[in-house]
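To start, the structure itself, in structure tokens.
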Amino acid sequence: MYRTFQNGDEIGIVELWNDVLYHDPINQIRFRKQVLLDANFDPQGLFVAIREEKIVGAILAITRKLPMQGGSLESDTGWITFFMVQPSVEREGIGHELMERASAYIREQGAEKLFFSSYAPNYFLPGIDEEAYSSGFAFLQKEGFRRVYSPVAMHRTLLDYVYPENVQALKRVRQQEGYSFGHVQDGDFYELIQFANQQFNPDWGRAIREGVLQGVDPSQVLVAKKHNQVVGFALYGGYEGIRERFGPFGVDENEQGKGLGKILLHETLHMMKQQTILGAWFLWTSETSAAGHLYLKNGFQTYRTFHVMVKELTN
């Protein structure tokens with residue numbers, strides 16, 4: 001039997017999740033925050049498969065009901081943020097039927113393309129981890145999804161971290177040129193959030209605002225300015241209150257090449273080390289981007305690779 005979400009299903013879904021997606025277990029609190037309390041959540045887009053009164057499959061389809069601040073409804077786009085089938089009932093067509101129902105829901109909302117799983121703000125992973133979930137990757141390909149790009153997750157231990165002297169020297173040079181680096185002040189927030197929205201994407205502005213509203217101390221948010229105008233920022237602990245999680249982080253493209261990103265990165269890592277945080281990690285960058293090169297040159301290592309997948313929807 002297949003149906004849409006009902007009260008109480010969250011318990012069975014989380015149990016199934018932890019049985020199937022065992023590399024990325026969750027709990028009821030995370031499910032509540034990232035699914036049930038998502039402003040775009042619609043129970044009609046969460047489909048479950050039932051066998052002997054137990055949930056043996058689930059899939060979540062999302063379209064935007066509210067735009068990100070500074071963004072649009074992206075009305076041509078839908079997302080699958082998770083799917084799973086109990087291994088004991090694999091190869092019975094359950095996954096295909098769930099995907100068909102999810103795709104039909106997305107079409108009904110007027111969308112023309114379906115992504116797995118680059119949905120902001122409440123994605124669990126950037127995409128499918130082929131190494132961890134090879135059968136899931138094969139399933140998406142079989143269902144007509146193609147790879148768009150492959151972001152990576154990176155980590156850096158802080159056990160042996162020391163703020164490099166050459167970066168401290170570079171910081172002093174830039175300060176002499178009129179740049180400043182410091183904790184965000186209350187009066188900075190409007191400009192900083194607008195900068196993040198316009199220079200990068202609305203999810204970054206949201207991460208700053210919601211992070212602080214949910215308890216991130218402003219001392220965890222660093223701002224770079226040129227003659228009192230924001231040209232870059234970095235923070236940690238902004239996603240789900242996880243202290244070790246670095247980012248978002250960015251520098252005005254017109255100011256790149258001056259080492260501002262390197263300074264902000266090491267200022268943040270130094271602050272994290274001062275707070276006895278033993279490591280820094282994040283889920284999403286490109287190894288070939290300027291940021292990716294910066295991370296790799298400064299002690300970060302890739303520990304997971306994901307594939308963002310897309311399927312063109314046809315009637």
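Bear in mind these aren't lab numbers, they're just calculated from the coordinates by the rules spelled out. As the structure is a prediction and not an experimental result, all values here were calculated from the model. Positions of Cβ are generated from backbone atoms using ideal geometry, with glycine treated the same way; all protein chains shown enter the neighbour counts.
Tabulated data for the structure shown
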| item | result |
| --- | --- |
| D_trans [Stokes-Einstein, Kirkwood Rh over alpha-carbon pairs] for region 12-72, 37 °C, 0.692 mPa s, µm² s⁻¹ | 252 |
| Nearest-20 debye value, the chain charge dipole, Cβ charges on Lys, Arg, Asp, Glu | 660 |
| Exposure proxy order (Cβ contacts within 10 Å, fewest to most) of Val173, Val223 | Val173, Val223 |
| Choice from Thr81, Thr157, Thr288 showing the highest fluctuation, given a GNM over the chain with Cα pairs closer than 10 Å | Thr288 |
| Region 213-315: chymotrypsin sites (Phe, Trp or Tyr not before Pro) in DSSP loop, at most 16 other beta carbons within 10 Å | none |
| Structure-based [θ]222 nm, the chain - -39500 (n - 2.57) summed over DSSP H runs of at least 4, per residue, nearest 500 | -9500 deg cm²/dmol |
| Amide H contacts of Val221 (H built 1.01 Å from N, under 5 Å, at least 5 apart or other chain) | Val184 |
| Under Karplus coefficients 6.51, -1.76 and 1.60, residue-wise ³J(HN,Hα) of region 89-104 in Hz, glycine/proline x | 10, 5, 6, 10, x, 5, x, 4, 5, 4, 5, 4, 5, 5, 5, 5 |
| Orientation-averaged projected area, Cα convex hull of the chain (nm²) | 16.6 |
| Region 160-277, Cα convex hull volume normalised per residue, Å³ | 95 |
| Built amide H within the under 5 Å cut-off of Tyr236, gap 5+ | Gly247 |
| Whole-number percent relative contact order across region 26-89, with pairs defined as alpha carbons under 8 Å at least 6 apart | 27 |
| Amide hydrogen neighbours beyond the local backbone of Ala61, cut-off 5 Å, H modeled | Leu46, Phe47 |
| Point-charge dipole on Cβ atoms (K/R +1, D/E -1) for region 160-277, about Cα centre, debye to 20 | 240 |
| Phi-based couplings in Hz for region 130-137 (Karplus 6.51, -1.76, 1.60; Gly and Pro marked x) | 4, 5, 6, 10, 4, 5, x, 5 |
| Tilt relative to the chain, helix 189-199 - C-alpha long axis, 0 to 90 degrees, to 10 | 70 |
| Spatially proximal lysines relative to Lys225 (Cα-Cα < 27 Å; intrachain offsets below 8 disregarded) | Lys171, Lys258, Lys262, Lys273, Lys297 |
| Sum of side-chain charges, His23 neighbourhood, beta-carbon under 11 Å (Lys, Arg +1; Asp, Glu -1) | -2 |
| Partners for Lys54 among lysines (Cα-Cα distance below 24 Å; same-chain residues under 8 apart left out) | Lys33 |
| Given charges at Cβ of Lys, Arg, Asp, Glu: region 160-277 dipole, positive-most of Pro202, Asn228, Asn166 | Asn166 |
| Anchor Lys113: lysines whose Cα lies under 25 Å away (excluding residues fewer than 8 positions away in-chain) | Lys65, Lys142, Lys311 |
| With Cα atoms, 0 to 90° folded angle of helix 260-274 axis to the chain main axis | 80 |
